[in-house]
1. From the list B:268, B:237, B:251, pick out the single residue that is assigned to a helix (DSSP H, G or I) and farther than 23 Å from residue B:94 by Cβ.
2. Out of the residues in the range A:150-173 that are farther than 12 Å from residue A:82 by Cβ and within 15 Å of the chain's Cα centre (by Cα), which is farthest from the other protein chains (Cβ to nearest Cβ)?
3. Could you list all residues from the range A:4-27 that are within 20 Å of residue A:184 (Cα to Cα) and in contact with a helix residue (DSSP H, G or I) (Cβ under 8 Å, 6 or more places away or on another chain)?
4. Of all residues being closer than 12 Å to residue A:172 by Cα and basic (Lys, Arg) in the range A:54-101, which is farthest from the other protein chains (Cβ to nearest Cβ)? Just the residue, please.
5. Residue check: is residue B:146 among the small types (Gly, Ala, Ser) and more than 10 Å from chain A (Cβ to nearest Cβ)?
6. Scan B:177, B:212, B:223, B:237 and give me the residue that is more than 27 Å from residue A:155 (Cα to Cα), in contact (Cβ under 8 Å) with a residue 60 or more places away in the chain and among the β-branched types (Val, Ile, Thr).
7. Looking only at the range A:15-33, how many residues end up being in contact (Cβ under 8 Å) with a residue 24 or more places away in the chain and over 20 Å from residue A:166 (Cα atoms)?
Amino acid sequence: MLAENHIIGSCVIERGTVFKDDSVLIENTGADLAEFLLSVYQHFPLNYPKFYKMDNLSKLGWLASEVLLKDSFQKDQYQPEEVGLVLANRNSSLDNDIKYFESAKDIASPSLFVYTLPNIVIGEICIRNNFKGEHGFYIQDQFDAGFIAGQVSYLLDNDILKACICGWVDVLDQEYKAALYLVEKNPADSSKPFSIKNINSIFETI
Amino acid sequence: MKNDVFVVADNVLSPIGKTTIENFDQLKKNISGVKKQHKPAISPRPFFASLFNEGDTNIEPGKTKFEQLLINSIADALQNSSIDPTDKNTILIISSTKGNISLLDTEEHTADLQKRIALSTSARIVAEHFGFINTPIIISNACISGVMGIITGMRLLRTGQYENAVVAGADVISSFILSGFESFQALSPQACRPFDKSRDGLNLGEGAATIILSTNEMHAGNIKVLGGSVSNDANHISGPSRTGQELSFAIDHSLKEAGLSTDDIDFISAHGTATPYNDEMEAKAINLSQLQSVPLNSLKGYYGHTLGAAGLIESIISIQSLKDGLLLPTPGYKESGVTQSVNVAADIKSIQAKNFLKTSSGFGGCNAAVIFGK
């Protein structure tokens, strides 16, 4: 059932390295996470002032989605409701929760509080691309490719979505990893079957 | 593949009752959990909310209040069903927005604490308590988490991956959550007034709820989950859609999946948080979906906004409404304060109802709709 859909592209960001499909785009800058995320933003370059107000989880997921979709996704061929997201991580929004908690000792900031939910990264990607379809954020101790594959396949196989961005976006302090996949119903040049094996092998890229 | 998904058993655990029936009896008497609270550990100022009293929940060693609420709610629901949690065909789904975040207030911030706060730790503790074999599914998708839990369960059952789903949700109110909503100026200084002209914000609430779903035909004749859908506004991370078009899309898609038309919906359990923007957006969405004449209530005046539990609590109470033919009112509502009219139930009344729609929306621009029917 899973092999009917196709991984059109992928992006993995981990340990200072940005991978798109089979190529390294940026390699180990050695900077801390906030500086690294900014350097990725400036590298491409992306012109999106909202980036600066995001927390690190949203920055990481948003950057990964930009790299993933760039030159790989013809969004005009879909209605906004036909594109959605299925994401997961281990630490929810705890990275920003701790920052909000510390700030709230003085004065609670609504701009920090809004990022105390893991699904805000989905909202940021939806706003950027005008994606309005099904989405969900799940918490997993370890990346569960089988679960993600099951959810995404259900949405595509039942024509709830025609394209889905799925994967993992996790940040806690200086530990981080994003692995996003663009999955569609029809194959494209150099696409791979949307199988648990392929999902896991891309996840372990770096 | 479209297996019927039956509601087997449920539980609502709230400050006004420990079972669904206890809760429904209180609501029939118009008893609300929302009151003025003086809790310095949560806020230096008094605030309106629906909270458990100290000592309401007997917390077992090694567990937190959040986990104990989930356990107590699941235990009651399981007791009223023949579902075996240790069956490989049974999956546990847990919905929460902030889980154990209150530990940040009271515990030293260490790497161990970070692991203790992780929702997967809580899910494991709850699963081990009952002996669930399968790794639980955890949903944290803002205020639609509870409705998403039901939709996720329905889908996993329809594909035949599992036969039974135990869907539970809970949230605990701490200074973390209260200060955040306060910073958004989203809290009402009084009991909240959904859809009313003078509405001025929401009340927070604590609670847990569990709904057990099954495709086993031995439950045929029970109320069913007929369809559900999720959408995103793609507009703003903390403000709802200006048009309501996206929630309307989720409603329309749920109707289609349920094989129903607007005439088949007998009442709506709205999200109705009583913030000016949410209720306005919901009214627009309901109009876009041509459901403006259908009686509607918001239960936030009884429970406050119970976050990750809200969609579950309000669905379960509405299932009880369906069984008893009794539409509950919208406490706090007197005069319409939305620009597009909706049929808000101000008083309790008898109805002949076969199907109802539950809606919810949350930060991140998320919307969800689910339909239950006889």
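The values are calculated or read from the model by the stated rules, or taken from the named source; none is laboratory data. Predicted model only: the values in this text are computed from it and were never measured. Heads up, the Cβs are rebuilt from the backbone with ideal geometry, glycines too, and the neighbour counts pull from every protein chain shown.
1. Checking each option against the conditions leaves just B:251.
2. Of everything passing the filter in the range A:150-173, A:167 is farthest from the other protein chains (Cβ to nearest Cβ).
3. A:4, A:5, A:7, A:9, A:10, A:11, A:12, A:20
4. A:99
5. In short, yes.
6. Testing whether each residue is more than 27 Å from residue A:155 (Cα to Cα), in contact (Cβ under 8 Å) with a residue 60 or more places away in the chain and among the β-branched types (Val, Ile, Thr) leaves just B:177.
7. The number of residues fulfilling the criteria is 4.
Listed here are the residues, each with its yes/no results for (1) more than 29 Å from residue B:258 (Cα to Cα); (2) in the same structural domain as residue B:345 (by TED's automatic domain parsing); (3) crowded, with 23+ Cβ neighbours inside 10 Å.
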{"residue": "B:12", "(1), (2), (3)": "no, no, yes"}
{"residue": "B:17", "(1), (2), (3)": "yes, no, no"}
{"residue": "B:24", "(1), (2), (3)": "no, no, no"}
{"residue": "B:43", "(1), (2), (3)": "yes, no, no"}
{"residue": "B:49", "(1), (2), (3)": "yes, no, yes"}
{"residue": "B:61", "(1), (2), (3)": "yes, no, no"}
{"residue": "B:84", "(1), (2), (3)": "no, no, no"}
{"residue": "B:96", "(1), (2), (3)": "no, no, yes"}
